[in-house]
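See below for the structure under consideration.
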């Protein structure tokens, strides 16, 4: 797969994620996908498989946001054949009504045209204080 193809898959995945399109999100993932988030946040750790990502990761993280306020803005995406690095900004309102505005670096690995691994880096202290406090 070309770098352009990989980048297109990842950008479509991010758009689906930002729009709450579960079918678009899961359709872009391999069955054995992993999503890793470092640190000591309530959502930190490694999630394996679509079900665990949807239920355990998203199921824990999304209730901290006010519904329909999550917006992901891609700042930059750099691709190789099976790897895409993305800088994005998340803006939203927290469930407590506070503004949330954080910057992320997310690394995507692809296999056979689908995303097989995601590694997400963010300002975890900010997230802890604003989102999870």
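The values are calculated or read from the model by the stated rules, or taken from the named source; none is laboratory data. Fair warning: this is a prediction, and the values are worked out from it, not measured in the lab. Neighbour counts run over all protein chains shown; Cβ positions are idealised from the backbone, glycine included.
All conditions but one from (1) touching a helix residue (DSSP H, G or I) at 6+ places or on another chain (Cβ under 9 Å); (2) over 18 Å from residue 116 (Cβ atoms); (3) surrounded by 14 or more Cβ atoms within 10 Å (Cβ to Cβ) apply to residue 23; the one that does not is (3). Taking the range 28-39 as the range and being more than 18 Å from residue 111 (Cα to Cα) and either modelled with pLDDT of 95 or more or surrounded by 18 or more Cβ atoms within 10 Å (Cβ to Cβ) (or both) as the test, the residues that pass are 37, 38. Candidates are the residues of the range 81-133 that are closer than 22 Å to residue 6 by Cβ and over 17 Å from the mean Cα position of the chain (by Cα); the one that is surrounded by the fewest Cβ atoms within 10 Å (Cβ to Cβ) is 112. Taking the conditions (1) touching a strand residue (DSSP E or B) at 6+ places or on another chain (Cβ under 9 Å); (2) touching a residue at least 24 places away in the same chain (Cβ under 8 Å); (3) over 28 Å from residue 3 (Cβ atoms) in turn, residue 52 satisfies each one other than (2). Among residues belonging to the range 10-20 that are at pLDDT 95 or above and either buried (at least 19 other Cβ atoms within 10 Å of the Cβ) or out of contact with any strand residue (DSSP E or B) (no Cβ under 7 Å at 6 or more places or on another chain) (or both), point out the one that is farthest from residue 70 (Cα to Cα). So, considering only residues that are at pLDDT 95 or above and either buried (at least 19 other Cβ atoms within 10 Å of the Cβ) or out of contact with any strand residue (DSSP E or B) (no Cβ under 7 Å at 6 or more places or on another chain) (or both), the one farthest from residue 70 (Cα to Cα) is 10. Where strands (runs of 3 or more DSSP E) fall entirely within the range 57-133, those with at least 3 residues that are farther than 15 Å from residue 13 by Cβ and in contact with a strand residue (DSSP E or B) (Cβ under 8 Å, 6 or more places away or on another chain) are at 71-79, 83-93, 99-111.
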